[in-house]
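The values are calculated or read from the model by the stated rules, or taken from the named source; none is laboratory data. None of the values given here were measured: they were computed from a predicted structure. Neighbour counts are summed over all protein chains in view; Cβ atoms, including those assigned to glycine, are modelled from backbone coordinates with ideal geometry.
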Amino acid sequence: MNEQTKRAHDPQDLARLLVSREKQGDVDGMVALYEPDAVLDCGGGQFASGRESIRKFYAGLVAAGRKFDLGDQRPAIVNGDLALTSTRLPNGAVTAEIARRQSDGTWLWVIDQPSVASAR
C-alpha cells in the first residue's frame, strides 16, 4: 500500500501521514486526513472550515515550498471515539489536534491547531 492510500488506524498515524504527504506535495492526501467539516487554525485568527478551505490553505503552503517536520509526538489521549494528539515541533512550537474514530475504525482530524504554544 503506498503512502497516498494509507489510512490512520491509530490517531498517532495522522501527524506522520500529514508530514509525509506534505513532503510529497500531496495536498489531496493531506486533506483526506480531515473530516469533511473539520476546522484548521491557519494562524493570525484565521480558520479553514471544511475540506475545500483546508485544501486551499495547504495548497498555498505546498506552493510556497514550506516543509513540515514530524517533531516529538506525545502519546495520544483517547476517550472512546475521540483522541487528543499533540506534537512538540523542532522550533519549540506545540500542536494540538482532536481526532475522531470513523465507523471503519480509522481516525480523522476534526480540529487542528498547529501552534498552541511557541518557543520563548
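Which of the residues belonging to region 38-53 are out of contact with any strand residue (DSSP E or B) (no Cβ under 6 Å at 6 or more places or on another chain) and touching a residue at least 60 places away in the same chain (Cβ under 8 Å)?
The answer is Gly43, and nothing else.
Taking only region 100-109 into account, find how many residues are over 9 Å from the mean Cα position of the chain (by Cα) and in a strand (DSSP E or B). Show your work before the answer.
The first filter runs over region 100-109 and keeps only residues over 9 Å from the mean Cα position of the chain (by Cα), leaving 100-107.
Going one step further and asking which of them are in a strand (DSSP E or B), we end up with 100-101, 107.
Here the count works out to 3.
Name the single residue that is farthest from Pro11 (Cα to Cα) among those in region 61-116 being among the acidic types (Asp, Glu) and modelled with pLDDT under 95.
Filtering region 61-116 down to residues among the acidic types (Asp, Glu) leaves 69, 72, 81, 97, 104, 112.
Next cut, modelled with pLDDT under 95 only: 69, 72.
Numbers: Asp69: 18, Asp72: 15 Å.
Out of the qualifying residues, it is Asp69.
Looking at (1) farther than 23 Å from Lys6 by Cα; (2) in contact (Cβ under 8 Å) with a residue 40 or more places away in the chain; (3) among the polar types (S, T, N, Q), which one does Thr106 not meet, given that it meets all the others?
Looking at each condition in turn, Thr106 falls short on (1).
When the residues of region 90-109 are narrowed to those that are surrounded by 13 or more Cβ atoms within 10 Å (Cβ to Cβ) and of a type in the set (D, E, K, R), which ends up nearest to Leu70 (Cα to Cα)? Working first, answer last.
Applying the first criterion (surrounded by 13 or more Cβ atoms within 10 Å (Cβ to Cβ)) to region 90-109 yields 93-102, 106-109.
Restricting the remaining residues to those that are of a type in the set (D, E, K, R) gives 97, 100-101.
Working: Glu97: 14, Arg100: 21, Arg101: 22 Å.
Only one residue tops the list, namely Glu97.
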